[in-house]
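*Asks:* Handing you a structure now.
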Amino acid sequence: MITYDSIQELADRARKKGKRISELVLEDQALHMEQSKDELVELMRKSLHVMAAAAKSGLTSRSLSASGLSGGDANKMKQVVDGGRSLSGKVLSETLAKALAIAEVNACMGRIVAAPTAGSCGIIPALLLTLKEEHHLTEDQVVMSLFTAAGLGMVIAKKASISGAEGGCQAECGSAAAMAAAAAVELMGGSPQMSAHACAFALKSVLGLVCDPVAGLVEVPCIKRNASGAANALVAAEMALAGIESTIPVDEVIGAMKAIGDAMPKALKETAEGGLADTPTAKKIAREILR
Amino acid sequence: MNVFDIIGPIMVGPSSSHTAGAVRIGQIARVVAGGKPVAVTIELYGSFAQTYKGHGTDKAIIAGLLGMAPDDQRIKDSLALAGQAGMSFKFRKSSNQAVHPNTALISAVDQLGKKTIVQGSSVGGGRIVVNRINEINVKFKGDYYTLLIPHTDTPGVIAAVTKLLADHGINIAELNMYRSHRGGEAMMVIETDQAVKAEVVSLIEAVKTVKKAVLIEPIY
Ligand code: SF4
């Protein structure tokens, strides 16, 4: 049984057994949940299908959320990508478009997969689905990589938090980016240790990020943080695959994230009392919406 | 915790606590009320009261009362669907700070005019805690098969019910008793590892002083 206390331990175990992290996590979860590996893979495939459907509908939709605060940005981004006018190239711009798309679908009461939360639901699928398209990966490979994402997410949830109310946005969009980065590394043939470094990079880049949703709604800044979270994941995966290593070991980074989350004042943890939620514009929006 | 708590659940957005959890509270109220009510009044507390429109908490609770699950894509149209289904509803915002921040108190009236009250709180990640059924304060999360058994507080009732479960190979994960006062109205809440068949539920209902047995299926 895996205890999910340490990402390093997970990576070491994978290396010793000559397996991928996803294989270890799948075997462990099949035992833990008393179901066959095939059953779990099919359940995960169902989630991937929901993710793909959300990306697809979000990219074409121009409808607005109930508050009127969001909608249509993914479509704008997608037009730039399709028109070949992107500044940063196909993989990144397509990833950004999908991240916005899925987060907008969430804001508009569409169906998504919390990954790890609803607020951060666009990050993991945006990167993995884009890599699948651009690098011609199979669906089975992407489904398996979600077990790596989930395995690392379980360690983060256990040792720190994956909830904005508990740990700020570093715990939501940060964790999602870290999970996505590790999964992307595995998908692109990187080692378990590289996945661990990628996870560390992504978290380190957003340590201290607060949760400050305008009017308490999962829209501003959440949707755009899904885009930047997906970009963060791509940057982290790229560096790890180049053989770059994190000076601070991944488990210590998670420890730091926990300490920072604990030290964060309540006003910056989903209560909509601080940060962006406390700006004059946000307060005006809140007054208008909540009237 | 397992992998599907992290990649999952599949749900309708935008918020696991304000939307998915709210659907679940509505679903449980529907089961406890014995089916679709004809009129409901919903009192919202804390951030449910402040943000319910933007998060669709109102649509989510109504969807649950109509029997939809948290991943049902009709949730966003539930207010209109309630009209078609002949269920009227009213929302009230409460400024009472005493309860958990994300709480809804649902009063549901059925066709015969019988009223059922269910109060639940959404505690994060789509998880909920039901904290009141009619006049009795309870506490359960709905992540197991959960039997609600209102009865009169008399000796031997618990023994009779647990024996029935044991005889049918059903293992109890947790059992709690709540009562208004000694010898008065009481509620047994039993969480089990296995599904409880309808015939076992009827056998429990036949136990002396048991008024009713309601089975709630686990969340995901
Ligand atoms: S700002 Fe808060 S609500 Fe929005 S995505 Fe980040 S953690 Fe979630």
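*Asks:* Any chance you could look up the accessible area of B:V214 with a 1.4 Å probe, heavy atoms only, rounded to 10 Å²?
*Replies:* 20
*Asks:* With a 10 Å radius around each residue's Cβ, average the other Cβ atoms per peptide and rank A:245-252, B:14-21, highest first. Present the calculation step by step, with values, prior to reporting the outcome.
*Replies:* On the way: A:245-252: 16.0, B:14-21: 29.0.
In descending order of packing, they fall as B:14-21, A:245-252.
*Asks:* Quick one: what are the phi-derived ³J(HN,Hα) couplings along the stretch A:130-136, Karplus 6.51/-1.76/1.60 with θ = phi - 60°, whole Hz, x for glycine and proline?
*Replies:* Couplings: 5, 4, 4, 5, 6, 10, 6 Hz.
*Asks:* Roughly how many debye, to the nearest 20, is the charge dipole of the protein assembly as shown about its Cα centre, given +1 on each Lys and Arg Cβ, -1 on each Asp and Glu Cβ, and no other charges?
*Replies:* On the way: 53 positive and 50 negative charges, 310 e Å.
With Lys and Arg at +1 and Asp and Glu at -1, about 1480 debye.
*Asks:* I'd like the FRET efficiency for A:A242 and A:K90, computed as 1/(1 + (r/R0)^6) with the beta carbon distance as r and R0 of 25 Å, rounded to 0.05. It would help to have the intermediate numbers written out before the result.
*Replies:* Numbers: r = 20 Å, r/R0 = 0.78.
The value I calculate is 0.80.
*Asks:* Further, regarding this structure: Residue-wise, which Karplus ³J(HN,Hα) couplings in Hz belong to the stretch A:190-202, taking 6.51 cos²θ - 1.76 cosθ + 1.60, θ = phi - 60°, and x for glycine or proline?
*Replies:* x, 7, x, 5, 5, 4, 5, 5, 4, 4, 4, 4, 4
*Asks:* What quantity of accessible surface, computed with a 1.4 Å probe and excluding non-protein components, is buried in total between chains B and A, in Å² to the nearest 100?
*Replies:* Numbers: alone 10980 and 12890 Å², together 21180 Å².
Summing both chains' loss of accessible area gives about 2700 Å².
*Asks:* Take B:A166 and B:S202, extend 7 Å from each Cα along the Cα→Cβ direction, and tell me the distance between the two endpoints in nm.
*Replies:* Result: 2.5 nm between the two label points.
*Asks:* Whole number please: convex hull volume per residue of the Cα set in the protein assembly as shown, in Å³?
*Replies:* Details: hull volume 78.1 nm³, N = 511.
Hull volume over Cα atoms, normalised by residue count, gives 153 Å³.
*Asks:* Among A:K224/B:K36; A:K283/B:K141; A:K78/A:K258; A:K224/B:K76; A:K17/A:K224; A:K17/A:K98, which pairs are too far apart, with a Cα-Cα distance over 28 Å?
*Replies:* On the way: A:K224/B:K36 40 Å; A:K283/B:K141 35 Å; A:K78/A:K258 36 Å; A:K224/B:K76 23 Å; A:K17/A:K224 40 Å; A:K17/A:K98 35 Å.
From A:K224/B:K36; A:K283/B:K141; A:K78/A:K258; A:K224/B:K76; A:K17/A:K224; A:K17/A:K98, over 28 Å: A:K224/B:K36; A:K283/B:K141; A:K78/A:K258; A:K17/A:K224; A:K17/A:K98.
*Asks:* Would you please give the residues with an amide H less than 5 Å from that of B:F140, counting only those at least 5 places away or on a separate chain, with H modeled from the backbone geometry?
*Replies:* B:V130
*Asks:* Which is farthest toward the positive dipole end of the stretch A:105-196 among A:I123, A:G190, A:H135, measuring Cα position about the Cα centre, with Cβ charges +1 (Lys, Arg) and -1 (Asp, Glu)?
*Replies:* A:I123
*Asks:* Ignoring ligands, DNA and RNA, how do B:Y178, A:Y4 rank by accessible area with a 1.4 Å probe, largest first? Write down the numbers at each step before the final one.
*Replies:* Working: B:Y178 45, A:Y4 15 Å².
From most accessible down to least: B:Y178, A:Y4.
*Asks:* At a threshold of 8 angstrom on Cα-Cα distance, excluding pairs fewer than six apart, so keeping six or more, what relative contact order does the stretch B:1-144 reach in percent? Numbers along the way, then the final one.
*Replies:* Numbers: 312 pairs, mean separation 43.8, N = 144.
Answer for the stretch B:1-144 is 30 percent.
*Asks:* Then there is this: Considering only protein heavy atoms, with the full assembly of protein chains and a 1.4 angstrom probe, order A:S88, B:S95 by accessible area, largest first.
*Replies:* On the way: A:S88 65, B:S95 100 Å².
Accessible-area ranking of A:S88, B:S95, largest first: B:S95, A:S88.
*Asks:* Amide H of B:Y145 versus every other amide H placed in the peptide plane: which residues, excluding those fewer than 5 positions away on the same chain, fall under 5 Å?
*Replies:* Long-range HN contacts for B:Y145: B:T192.
*Asks:* What is the percent carbon and sulfur in the accessible area of the protein assembly as shown, measuring with a 1.4 Å probe over the protein chains and ignoring ligands?
*Replies:* Numbers: 11250 of 21180 Å².
Reported share for carbon and sulfur atoms: 53 percent.
*Asks:* Can I ask one more? Build a GNM of chain A with springs between Cα atoms under 10 Å: which of A:G119, A:G216, A:G84 gets the top mean-square fluctuation?
*Replies:* A:G84
*Asks:* Let me ask something else about it. Please give the calculated 222 nm ellipticity per residue for the protein assembly as shown, where each DSSP H segment of at least 4 residues contributes -39500 (n - 2.57) and the sum is spread over every residue; nearest 500 deg cm²/dmol?
*Replies:* Details: 20 runs with 247 residues, N = 511.
When only DSSP H runs of four or more count, the value is -15000 deg cm²/dmol.
*Asks:* Give a residue-ordered list of calculated ³J(HN,Hα) values for the stretch A:228-244 (Karplus: 6.51 cos²θ - 1.76 cosθ + 1.60, θ = phi - 60°; whole Hz; x for Gly, Pro).
*Replies:* Rounded to whole hertz, the list is 5, x, 5, 5, 4, 5, 5, 4, 5, 5, 4, 5, 5, 5, 7, x, 6.
*Asks:* Once amide H atoms are built 1.01 Å from N in the peptide plane, which residues 5 or more positions from B:F89, or in another chain, come under 5 Å H to H?
*Replies:* Under 5 Å from the amide H of B:F89 lie the amide H atoms of B:V40, each far enough along the sequence or on another chain.
The values are calculated or read from the model by the stated rules, or taken from the named source; none is laboratory data. Quick caveat: nothing in here was measured; it's all calculated off a predicted structure. Here the Cβ is made from the backbone with ideal geometry for all residues, glycine too, and neighbour counts use every protein chain on show. When the accessible area is computed, the model is the full protein with side chains, heavy atoms only, and any ligands, DNA or RNA have been set aside. Shrake-Rupley method; radii C 1.70, N 1.55, O 1.52, S 1.80 Å.
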